[in-house]
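Each remark here refers to the structure printed beneath this line.
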């Protein structure tokens, strides 16, 4: 008898492996899904690389720490005097003077001994990209590349935590609503109406006004709001389709209890859609975090949104692309990671929904 | 059906009541209140703060205030704004709402139309190189970090190129000696836009029955030209002629926000249309249409795209619900004085009557739209039946 069970388990394991292999094959056929997977893997690599660099001592935390690090980058600037009228031979307009590697003598009231033509030793912040700082430093002398890594840690923790929580809640509530129907269903649907009625961004403002939001607080808030809101309705409609399948009826006839049917027959068949939903809601969670940090409402030390917020409050975002390393990396990182998760979701969609496949 | 609607309406009233009470409590849970800056003003007598609190009834216990607010709300009395004192929340909403609706109605219509076209083409060219590139671009614009993107566009077109104004609703210096309020001009613009769109839509509907493709196209093109001539005549005669420069000023300020939001918004529709189209193309009747020897374009536009339209339209209904909510960021970045900014400011400044009024406005809007969406589902798709649920 026990031998039989063992054999059965062995068989099940093999079946599961085969299914996994088949799904992977289907997923890898989708070109965009693979691109998304590479993007997500790249950011995951960045997120894991930073602690590794600190532990092995390749990066000195005093210099490379994303929040309190500081690096002195020395520079010699030629002291010049800006002409009174433009255009001259060297400068086309007012904004071209002083050029790169030069400093206007009028700015040097702190060092009155210097004359035009001499060199002025100073520390420049923000410093452009160099060998020691791959993406330069920000206006406080902190390494931008290290900040990007820290930001991707925040994004992964927040995105995955809130998506798991949200999808967990909405899957359970959605299947319950579909399975029991009647009053339970009505209650759950009106509850999600209530959540959907509240404007999301102002609501988060209010919450951030009376609670200092850390990353995981925000993850819980976003997860619960997302899980109680519209996701329940979508999952419910899927569960309704599963509920009328013949195998649910046969399970009921053979005497399965309500909870057994719910958890063993309906839930597993809703799970693929829930997984898909989770991948897509990671995109939303990353975007929400960035928006809130961008508006300066979160109590966290560093994230991509805060990097953009700082570049905006320091006035670099309207300086064009002269300080591109302060503007582009953070914005593109948010965009690419969110896009990467979206593409993975699309690849999974093709695995779970046979009607979307090519043939 | 009637029974269902009645029951839903009763439930909606209960939900709305809970919504009203809980959001009032939520606003009062925020530490501080709208008048605390009076305490910092050394010129005011020390009891001014208490007096003001008493005037606005903020010294009463919280439960009493909730009761008062809810009772007054259902009587139709929303109180006065704390920040813009003599104005009531209704006046403020009436002033701000048209601006938001105008901006986002244009955006949504343009985005829906282009998104649907792009999605249609995407699904049809499945597997080709152009599909990959268009998909990558639409995914980029779908997931782009919106405030960042908007600021970059504002920098490029507003500052670097100088083509468009940097935010705001109008140039104040142009309006110093204007004989009209900006709202008068704006209402005229809204009326004009609505009439034009209705006319165009009518022309589209009337020509739908015409079977010949060239004839249909010619008539539609003719109607478009007629509308252009009509609007030219309208803006160059009588009263409208003097209003034209002011209307042009507002329109000029609208261009950049419309473009930016459209770029971000069209991708969602395009990707959704693509998914539904890909599913539809697998259906048997598409194969039948091919076997009949119909042209590719005809199969795409008449057979596949029509069926694929249903989920896209329903998602469009839900997009309309989120207009005001979604306008918060756009209006903050472009300093567009609409509902989103009103909502945000009132929340941040704890102007509770205005915040409550805007919140309940959004809430009622969302509730009714959900009901309409649920009912229209059952009309549009006979497979979905409203039975005992809900």
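Quick note: the coordinates plus some simple rules give every number you see, no bench work behind them. Since we're looking at a predicted model, the values are computed, not measured. A quick note on method: Cβ atoms are made from the backbone with ideal geometry, for glycine too, and the neighbour counts reach across all protein chains shown.
Data table
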item: Rounded to 5, the percent of DSSP beta bridges in chain A classed as antiparallel; result: 65 percent
item: Space enclosed by the convex hull of the alpha-carbon atoms of the range B:301-355, per residue, Å³; result: 96 Å³
item: Per-residue [θ]222 nm for chain A (sum of -39500 (n - 2.57) over DSSP H runs n ≥ 4, rounded to 500); result: -21500 deg cm²/dmol
item: Exposure proxy ranking, count of Cβ atoms within 10 Å, fewest first, for A:307, B:277; result: B:277, A:307
item: Candidates A:141, A:57, A:340: whichever shows maximal mean-square fluctuation once chain A is modelled as a Gaussian network with Cα springs under 10 Å; result: A:57
item: Kirkwood Rh, Cα atoms: Rg over Rh of the range B:1-130; result: 1.20
item: Kirkwood Rh and Cα Rg combined as Rg over Rh, evaluated for the range A:1-107; result: 1.44
item: For the range A:311-359 and the range A:230-253, distance of Cα centres in Å; result: 35 Å
item: Percent breakdown of C-alpha pair distances by 5 Å bin, ordered from the shortest bin, for the range B:149-231; result: 3, 11, 13, 12, 10, 13, 14, 11, 8, 4, 1
item: Tilt relative to chain B, helix B:305-321 - C-alpha long axis, 0 to 90 degrees, to 10; result: 10 degrees
item: Kirkwood Rh and Cα Rg combined as Rg/Rh, the range B:5-57; result: 1.31
item: Residue order, fewest to most surrounding Cβ atoms within 10 angstrom, among A:146, A:192, A:162, B:223; result: B:223, A:192, A:146, A:162
item: Estimated D of the range B:180-337 in µm² per second, where Rh is the Kirkwood radius over Cα pairs and Stokes-Einstein applies at 20 °C, 1.002 mPa s; result: 111 µm²/s
item: In degrees, nearest ten, helix B:129-143 long axis to first principal axis of chain B (Cα); result: 10 degrees
item: Paired Rg and Dmax values of the range A:53-114, which use every Cα atom, in angstrom; result: 18.5, 55
item: Normalised alpha carbon radius of gyration of the range B:89-233 [divisor 2.2 N^0.38 Å]; result: 1.39
item: Cα-based radius of gyration of the range A:252-359 once divided by 2.2 N^0.38 Å, which approximates compact folds; result: 1.63
item: Evaluated at q = 0.11 Å⁻¹: base-10 log I(q)/I(0), Debye formula over Cα of the range B:255-353; result: -0.52
item: Chain A: most fluctuating residue of A:64, A:247, A:38 per GNM, C-alpha cutoff 10 Å; result: A:247
item: Convex hull of Cα atoms in the range B:241-299, direction-averaged projection (nm²); result: 7.0 nm²
item: Cα gyration tensor of the protein assembly as shown - equivalent ellipsoid semi-axes, whole Å, descending; result: 44, 37, 33
item: Inverse mean reciprocal Cα-Cα distance (Kirkwood Rh) of the range B:26-92, Å; result: 13.5 Å
item: Neighbour-count ranking [beta-carbon atoms within 10 angstrom, fewest first] of A:121, A:143, B:177; result: B:177, A:121, A:143
item: Debye log10 I(q)/I(0) at q = 0.11, 0.19, 0.21 Å⁻¹ for the range A:45-172, Cα point scatterers; result: -0.60, -1.02, -1.13
item: For chain B, calculated [θ]222 nm from helices alone, where every DSSP H run of n ≥ 4 adds -39500 (n - 2.57); result: -24500 deg cm²/dmol
item: The range A:127-149 and the range B:133-191: distance between their alpha carbon centers, rounded to Å; result: 33 Å
item: Percent RCO, i.e. relative contact order, over chain A, from Cα pairs under 8 Å lying at least 6 residues apart; result: 22 percent
item: Kirkwood Rh in Å, taken over chain B so that all alpha-carbon pairs contribute; result: 24.8 Å
item: Quotient of C-alpha Rg and 2.2 N^0.38 Å, computed over the range B:100-177; result: 1.50
item: Percent antiparallel among DSSP beta bridges (both partners in the protein assembly as shown, rounded to 5); result: 65 percent
item: Pairwise Cα inverse-distance average, inverted: Kirkwood Rh of chain A (Å); result: 24.5 Å
item: Inter-label distance, nm, simple model (7 Å from Cα along the C-beta direction), residue A:115/residue A:352; result: 7.6 nm
item: DSSP-defined beta bridges in the range A:70-170 - what % are antiparallel, rounded to 5; result: 65 percent
item: Angle in degrees between helix A:182-197 and the longest Cα principal axis of chain A, rounded to the nearest 10; result: 10 degrees
item: Principal axis box of the range A:182-311, alpha-carbon based, largest edge first, Å; result: 63, 26, 18
item: For chain A, built as a Gaussian network whose Cα springs stay under 10 Å, the top-fluctuating residue of A:51, A:246, A:112; result: A:112
item: P(r), alpha carbons of the range A:174-250 - 5 Å bins starting at zero, rounded %; result: 3, 14, 20, 18, 14, 12, 9, 5, 3, 2, 0
item: The range B:206-274 and the range B:1-31: distance between their alpha carbon centers, rounded to Å; result: 39 Å
